[in-house]
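S.K.: Sharing a structure, written as structure tokens. Questions coming.
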Amino acid sequence: MTTEVSKQTESVLIHHLQVLTGGQLEEVLRDYTEDSVIFTANGLVKGLAGIRAFFDAFIKNTPPEVVKAFTMIRQEVEGEVAYILWKANPFIPLGTDTFVVRNGKIMDQTFVLFTSS
């Protein structure tokens, strides 16, 4: 992949993280299309309506303390793919996401939280 593709992927990732941690649902949705899919432990989230519901619940159910505790452990971008490893201690000991970005939009994403019981 070209460096330009990696730059675009990184730009989308940065935007996504900024607006998500800012609780800006409409801006989060601008990163996706009707064909986008999020893979979660609870199943697939498809299309803008599903993604809206997913992030609306995430934003409403995530206390501000969790957002403040967010710490990036690792971020890698290669071509159309971005990978992040993060934590929000003591609430979320480990989280990971992988994004596939095409034409400035997140087309596929994996989302996994490892929480303590």
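The values are calculated or read from the model by the stated rules, or taken from the named source; none is laboratory data. Note that the structure is a prediction, hence the values are computed from the model and not measured. We place every Cβ from the backbone using ideal geometry, glycine too, and count neighbours over all the protein chains shown.
S.K.: Could you list, in sequence order, all residues of region 18-50 that are small (Gly, Ala, Ser), under 22 Å from ASN103 (Cα atoms) and free of Cβ contacts under 8 Å to residues at least 60 places away in the same chain? Reasoning before the result, please.
M.R.: In the first step, residues of region 18-50 are kept if they are small (Gly, Ala, Ser); the result is 22-23, 36, 41, 43, 47, 49-50.
Filter once more, so that each one left must be under 22 Å from ASN103 (Cα atoms): 36, 47, 49-50.
Those that are small (Gly, Ala, Ser), under 22 Å from ASN103 (Cα atoms) and free of Cβ contacts under 8 Å to residues at least 60 places away in the same chain: GLY47, ALA49, GLY50.
S.K.: Let me ask you something else. Could you please give the count of residues in region 59-81 that are among the aromatic types (Phe, Trp, Tyr) and without any contact (Cβ under 8 Å) to a residue 12 or more places away in the chain?
M.R.: Filtering region 59-81 down to residues among the aromatic types (Phe, Trp, Tyr) leaves 70.
Restricting the remaining residues to those that are without any contact (Cβ under 8 Å) to a residue 12 or more places away in the chain gives none.
Matching residues across region 59-81 total 0.
S.K.: For region 33-47, what are the residues that are under 18 Å from GLY95 (Cβ atoms) and surrounded by 17 or more Cβ atoms within 10 Å (Cβ to Cβ)?
M.R.: Within region 33-47, ILE38, VAL45 qualify.
S.K.: With the condition kept exactly as written, say whether any residue in region 12-32 is surrounded by fewer than 16 Cβ atoms within 10 Å (Cβ to Cβ) and on the phi > 0 side of the Ramachandran plot.
M.R.: There is at least one residue in region 12-32 that is surrounded by fewer than 16 Cβ atoms within 10 Å (Cβ to Cβ) and on the phi > 0 side of the Ramachandran plot.
S.K.: Separate question: Of all residues in region 88-117, count the ones that are crowded, with 17+ Cβ neighbours inside 10 Å, touching a Leu at 6+ places or on another chain (Cβ under 8 Å) and not small (Gly, Ala, Ser).
M.R.: So the count comes out to 3.
S.K.: Moving on. Check every one of the strands (runs of 3 or more DSSP E) wholly within region 9-95 and list those with 3 or more residues that are closer than 17 Å to LEU113 by Cβ, modelled with pLDDT of 95 or more and out of contact with any Ser or Thr (no Cβ under 7 Å at 6 or more places or on another chain). Step through it out loud before you land on a result.
M.R.: Numbers: elements: 32-40, 43-46, 71-78, 81-88.
Once the strands (runs of 3 or more DSSP E) in region 9-95 are filtered for at least 3 residues that are closer than 17 Å to LEU113 by Cβ, modelled with pLDDT of 95 or more and out of contact with any Ser or Thr (no Cβ under 7 Å at 6 or more places or on another chain), what remains is 43-46, 71-78.
S.K.: Considering ALA53, ALA69, ALA88, ALA82, which residue is under 14 Å from LYS105 (Cβ atoms) and not hydroxyl-bearing (Ser, Thr, Tyr)?
M.R.: Working: ALA53 fails: under 14 Å from LYS105 (Cβ atoms); ALA69 fails: under 14 Å from LYS105 (Cβ atoms); ALA88 fails: under 14 Å from LYS105 (Cβ atoms).
Result of the check over ALA53, ALA69, ALA88, ALA82: ALA82.
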